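The values are calculated or read from the model by the stated rules, or taken from the named source; none is laboratory data. For clarity, every value in this text was computed on a predicted model and none was experimentally measured. Here the Cβ positions follow ideal geometry from the backbone for every residue, glycine too, while neighbour counts run over all protein chains shown. For accessibility, only protein heavy atoms count, side chains too; no ligands or nucleic acids. Shrake-Rupley method; radii C 1.70, N 1.55, O 1.52, S 1.80 Å.
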Amino acid sequence: QVQLVESGGGLVQPGGSLRLSCAASGSIFSSYNMGWYRQAPGKQRELVAVIRSGVITEYVDSVKGRFTISRDSAKNMVYLQMNSLKPEDTAVYYCNAQRWSTYIWGQGTQVTVSS
């Protein structure tokens, strides 16, 4: 059973940076797309960034140029580097592993951007 554990969330001022980490158990990197989603209060969960087939990255328009997703297959880790954070980035961020119709979720980590 694959498990995902996020870390790295917290409180940061506008314009600041955070790096989220996702530790994956099991050998998933060779066959799963890895991504980050977020859900703000009262809003639907949205895809923030994803790595497909190990190399193709995609981002939601609102984070392009500010966020970077990366993975370290040797360590079974996925990262989300978030720069120039804005208050509207405040949400619970979830790590996700997806293959066909299978979606695996972490427990989420809170990111709060506020002065």
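Applying a threshold of 6 Å to beta carbon distances and a minimum spacing of six or more residues, or different chains, the list of pairs starting in region 82-105 at a residue that is within 14 Å of Val50 (Cα to Cα) and ending at one that is open to solvent by 40 Å² or more (accessible area, probe 1.4 Å) and not in a strand (DSSP E or B) reads Arg99/Ser31. Looking at region 1-88, the strands (runs of 3 or more DSSP E) lying wholly inside it that each contain 3 or more residues that are of a type outside the set (Lys, Arg) and under 17 Å from Ile104 (Cβ atoms) sit at 4-7, 18-24, 33-39, 46-52, 77-82.
When Ala74 is tested against (1) under 19 Å from Gln3 (Cα atoms); (2) open to solvent by less than 60 Å² (accessible area, probe 1.4 Å); (3) small (Gly, Ala, Ser), exactly one condition is not met: (2). No other residue among Tyr37, Tyr59, Tyr32 is crowded, with 19+ Cβ neighbours inside 10 Å, out of contact with any Asp or Glu (no Cβ under 6 Å at 6 or more places or on another chain), modelled with pLDDT of 95 or more and not acidic (Asp, Glu) apart from Tyr37.
Here Tyr94 fulfils each of the conditions (1) in contact with a helix residue (DSSP H, G or I) (Cβ under 9 Å, 6 or more places away or on another chain); (2) of a type in the set (Phe, Trp, Tyr); (3) open to solvent by 30 Å² or more (accessible area, probe 1.4 Å) apart from (1).
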